[in-house]
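Chemist: Would you mind keeping the following structure in view while I ask a few things?
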Amino acid sequence: MPRKSVKKKTPLHGHALRNENLRKRSLKRSKSAPPLAAKTVEIRVSHLGMTRIELARKSGISRGALRDLELGVHTPTRNTLEQFLEFCEAQRVDDVVLEELRDLYTGTADTLLNFIGRLELRAGSSPKLARKVGISPATLWEYRRGNFPVPHALLRKLCKAVKEDFEQAEALWTEAERDRFIKRGYPKSLAEFCVLRLRAGHAESDLLELGLGTAQLRRLCYLELISWKTISGVAKTLCRDDEELAQLRELWQLDFKSQKEEGLHAFGLKLKKLREKLKITRRELADLCGVGGRKPARIIKHIEEDGHFSQQAFPAGLVALLTDHERPSTSSLEFSGLSEDEMATELPSFLETGTAAELHESWKNRRIRFHLRHRPEMQLDLRLQREYYGFDVATAAKLLGYTSLEYQKIERGIEPLMASARTRILDALTDAGHERIRELFVQRDSRDQRRLAWQRPKSVSTMLSLLAEREGGIVPLSRVLAKAGLYGISPPRLRSYILAEETPTWYLLQEIAETCSVRLLRPVHIDWIHRYRTQLQQRSESLLAIEVRLLIAEVEPTLRAFSGRLPFNYSVLLRDLYKIEQNAKFKWFHIERILKAAGLPAESERWRVIHRFWLAIN
């Protein structure tokens, strides 16, 4: 049989042999080089079959840059590596091999940050990519390192600028955003909802325009889920298809049930139960805490039902006022009839009861969820202590001896903080907060004193003004008196009594006091005598006329009513009073019958005084 023909390999000579030996030495040397440098040498030798100088001449890359790249002196610039990849693609090097090189340079494209690195590689450099999408290189640098979340619209622009497939980018973005929200403490369903919202290009405030209520949005800000029925309309707008909507609904209902079992809304609900048990209105709490505005009670309502936070109606103050009801107030001790030694007994401290500690823990857990969604890096213990006692940054900084900027840096975790300094700050905030609560108790005691002061009025104006305050105003007091049968006491007339522009008769004041359950009237009677006598002195200089009219005003509201006690008609009474005011001479029996009708005893000192005034005239 004939021998098989064997094709002999032509031996290399000259430059070809020299280049082959150079390529082999490069491969051998690359075994100790970094992976990126070794892969670059492998592509040049095994796939391109070129020496370094041949590659430099044909690709346009400088020999120095190629040398540094292959020796692993430093990591090449994106521009250099992209130029090398473009040349390899033109030479039809296998895509798998080039993908391995990209993975070594930017990392595998299984995360969003590595994918942005791929986009920068495609663009040639980070500044070039930034210019293409209209942002600064510094901003792109922050996105690349994960310091800022990447907006969905910006990612689309980045992919479009370098002609990269956006579907892969969107999948990576969705996963990265979902993980970011979950790490901040978001429930999985709310994290998915927020991803869909950002994908649609909506900010949180835009949810109001999509049909969500303010109270519901505030709940979401505290990472508290609302019923699916409430959120379903907004979810339909954000989801792309029914399958996506069904998945979100299933997640949402599971998390909503879980949160309901955990009792995340316990703080506001417990406050409401305590307030209703103590029969304290929201307006009373708002007034004690100094909440302003047209409807201050609404702030307390939002705290109880919607998880609202207010520095005026601060949590520690509300907890102290509602859980410290066993602590007797100054006014209650004053009216209790206790001795001074008993009143001096030490009172229980505030915020030390089990209920107060439970409410504090409930508020703290809820507030932590709110802050985790904004700034997870901040010093939460400092922030929570400051907010619990209702201090803003400026006030806390002044208490601690810092400037506002310095304290903000400390609270946000920018400045390092020693353990001793942390303890000092927490103690200082606690002491200042306790002082603020003591001021609340002083206001509460003052309010209680005002509430009970109508039982012991000191003057006519004081009695009427306190009764008006008790009933909620002059007009409500007028209605109460009219309902009790005291007609003719209009709001303008009551206002004139309070301002001392007019003085009612004592009989009328007694009727008002009896209707409003005022018992201690002796100081009021003394003040009335002084006021009414002053009013009579402005009309007449006759001392006898002043005393007689003062006596009549004590027993009847009007002269016509008093005439019913006399055996003669009203006109005769007016004639006798006129004679008395003119200091005319008349017989004693004209005065005597008026005194007897008023019920004044003949042996009384007042009878003898009036008789001496009559003798002085006659």
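Derivation of every value follows stated rules applied to the coordinates shown; laboratory data play no part. Computed from a predicted model, the values in this text were never measured in an experiment. With ideal geometry, Cβ positions are generated from the backbone for all residues, glycine too; neighbour counts draw on all protein chains shown.
Chemist: In terms of modelled amide H atoms, which long-range or inter-chain residues lie less than 5 Å from the amide H of Tyr186?
Modeler: none
Chemist: What is the sum of charges around Leu573, taking Lys and Arg as +1, Asp and Glu as -1, for the other residues whose C-beta is under 12 Å from the C-beta of Leu573? Could the numbers behind the result be given before it?
Modeler: Working: positive: Arg549, Arg560, Arg565, Arg575, Lys579, Arg593; negative: Glu556, Asp576.
So the surrounding residues net to +4.
Chemist: Once all Cα-Cα distances of segment 68-184 are split into 10 Å bins that start at 0, what whole-number percent is in each one?
Modeler: With a bin width of 10 Å, the distribution comes to 13, 44, 32, 10, 1.
Chemist: Could I ask something else about it? Give me the Å³ per residue figure for the convex hull around the C-alpha atoms of the chain. Kindly include the intermediate steps, with their values, before the conclusion.
Modeler: Numbers: hull volume 174.4 nm³, N = 618.
Convex hull volume per residue, Cα atoms: 282 Å³.
Chemist: While we're on this one: Using alpha carbons only, how many degrees (0 to 90, rounded to 10) separate the axis of helix 188-199 from the longest principal axis of the chain?
Modeler: 70 degrees
Chemist: What are the ³J(HN,Hα) values, in whole Hz, obtained from phi via the Karplus relation 6.51 cos²θ - 1.76 cosθ + 1.60 with θ = phi - 60°, for each residue of segment 139-151 in sequence order, with x given for Gly and Pro?
Modeler: Listing the rounded values in order: 5, 4, 4, 5, 4, 5, 9, x, 6, 10, x, 7, x Hz.
Chemist: Let me ask something else about it. For the charge dipole of the chain, defined by +1 on Lys and Arg C-beta atoms and -1 on Asp and Glu C-beta atoms about the Cα centroid, which residue among Ala286, Trp252, Phe87 has the Cα displaced farthest towards the positive pole?
Modeler: Phe87
Chemist: Along segment 60-71, what does the Karplus equation 6.51 cos²θ - 1.76 cosθ + 1.60 (θ = phi - 60°) give for ³J(HN,Hα), rounded to whole Hz, x for Gly and Pro?
Modeler: Result, ordered by residue: x, 8, 5, 4, x, 5, 5, 4, 4, 5, 6, 8 Hz.
Chemist: Then there is this: Determine how many Å³ per residue the convex hull of the Cα atoms of segment 414-530 encloses. Could you put the intermediate results ahead of the total?
Modeler: Values: hull volume 19.6 nm³, N = 117.
Dividing the Cα hull volume of segment 414-530 by its residues yields 167 Å³.
Chemist: Moving to a separate point now. From the Cα gyration tensor of segment 519-614, with a ≥ b ≥ c the square roots of its eigenvalues, which class applies: rounded if a/c is under 1.5, or else prolate if a/b is larger than b/c, or else oblate? Write out the running numbers ahead of the final one.
Modeler: Numbers: a/c = 1.43, a/b = 1.31, b/c = 1.09.
Rounded is the answer for segment 519-614, as its axis ratio a/c remains below 1.5.
Chemist: Let me ask something additional. Ratio of Rg to Rh for segment 165-217, alpha carbon only, Kirkwood?
Modeler: Values: Rg = 12.4 Å, Rh = 12.0 Å.
Here Rg/Rh amounts to 1.03.
Chemist: Nearest 20 debye, what's the magnitude of the dipole of segment 454-555 about its Cα centre given +1 on Lys and Arg Cβ and -1 on Asp and Glu Cβ? Write down the numbers at each step before the final one.
Modeler: Working: 13 positive and 10 negative charges, 42 e Å.
The calculation lands at about 200 debye.
Chemist: Apply the Karplus parameterisation 6.51 cos²θ - 1.76 cosθ + 1.60, with θ equal to phi minus 60°, to every residue of segment 480-495 and state each ³J(HN,Hα) to the nearest whole Hz, in sequence, with x for glycine and proline.
Modeler: 4, 5, 5, 5, 7, x, 8, 8, x, 9, 7, x, x, 5, 4, 4
Chemist: Give the Debye-formula value of log10 I(q)/I(0) at each listed q (0.13, 0.19, 0.25, 0.33 Å⁻¹), with one equal scatterer per alpha carbon of segment 96-140, two decimals each.
Modeler: Debye curve over Cα of segment 96-140, log10 I(q)/I(0) at q = 0.13, 0.19, 0.25, 0.33 Å⁻¹: -0.29, -0.57, -0.84, -1.11.
Chemist: How far is helix 605-617 tilted off the main Cα axis of the chain, in degrees rounded to 10, range 0 to 90?
Modeler: 60 degrees
Chemist: Roughly what angle does helix 506-515 make with the longest principal axis of the chain, taking Cα atoms, 0 to 90 degrees, to the nearest 10?
Modeler: 40 degrees
Chemist: Quick check on my link table: of Lys157/Lys188; Lys188/Lys229; Lys183/Lys273; Lys257/Lys295; Lys301/Lys364; Lys188/Lys236, which ones sit more than 23 Å apart, alpha carbon to alpha carbon? Let's see the in-between values first.
Modeler: Values: Lys157/Lys188 28 Å; Lys188/Lys229 18 Å; Lys183/Lys273 34 Å; Lys257/Lys295 34 Å; Lys301/Lys364 19 Å; Lys188/Lys236 18 Å.
Distance filter (> 23 Å) returns Lys157/Lys188; Lys183/Lys273; Lys257/Lys295.
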